[in-house]
Amino acid sequence: YQFIFIKTRKTAGTSIEGALAPLCGPDDIITSDGSPGTQKDFYVEEARNYEGSFNPLRELRHQTNFIGCMRVARDWMKRPRFYNHMSATSVMSRIEPEVWSKYYKFCFERNPWDKMVSYYFFVHRRFNPTSSISQYILNKPTSRTVDQHYPTDWQRYSLRNKVIVDDVFDFSDLEGGLRMALSRSKVPAEVVASLDIPRLKSGTRKSKGTMTRAAANRIGEVFAHEIELFRYLPPIDMVLE
């Protein structure tokens, strides 16, 4: 089936990959997370056709700043042709133009306030920071490599602030969005109806968390594009201190 899934962060991407893998053939591309033995994710074993080199010149033409150019150079020197969480711009630059034009491309986005809390607990689990959610948010820089400090994925599915995938579905209706995406990919209705979405990374976060007004406002600034696209608001159950 001719679809391209762009994996964003904290949007059940691993679960989505789990549902998509059985639909892929031997010549399709499934990326690896690069950490066999450290996670039980299916795609470490199912990964295929992602290795190889690429011509960085096509991708460099799309970059608008020095950091973007440096990331392309890093990928060219250190990473396989396709990898986990790569941007739509990178995918577009590394496949044939007619494939990018013909295939159906989609991803998921999540309410930024909820996404930031999920990201905080993900980092907390791995690195055990002592700061509160609000401190964590307010202590991170908002310039240059902002997407390394906040889970903003706007640049993963846009180019020059224009969405370049066919659909961005809301994480709040994960199953509905995925079924719609596959229907638009011409996957047979009976296959879509029997789709199973495994929860491969459930249980990461135990608390919804709260944050200060200043921290909430910072999220509003950093995720401005996503908020405009979906008209997101802070969840009503996220009590601001």
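The values are calculated or read from the model by the stated rules, or taken from the named source; none is laboratory data. Computed from a prediction, not measured in an experiment: that's the story for all the values here. Cβ placement follows ideal geometry from the backbone for every residue including glycine, while neighbour counts extend to all protein chains displayed. Note: areas computed on protein heavy atoms with side chains; ligands, DNA, RNA excluded. Shrake-Rupley method; radii C 1.70, N 1.55, O 1.52, S 1.80 Å.
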Would you check if there is a residue in segment 103-119 being out of contact with any Ser or Thr (no Cβ under 9 Å at 6 or more places or on another chain), surrounded by fewer than 17 Cβ atoms within 10 Å (Cβ to Cβ) and more than 20 Å from residue 162 (Cβ to Cβ)?
no
Selection from segment 133-166 of residues open to solvent by less than 10 Å² (accessible area, probe 1.4 Å), in a loop (DSSP other than H, G, I, E, B) and of a type outside the set (Asp, Glu) yields 150, 151
Of the residues 52, 13, which single one is modelled with pLDDT under 95 and surrounded by fewer than 18 Cβ atoms within 10 Å (Cβ to Cβ)?
52
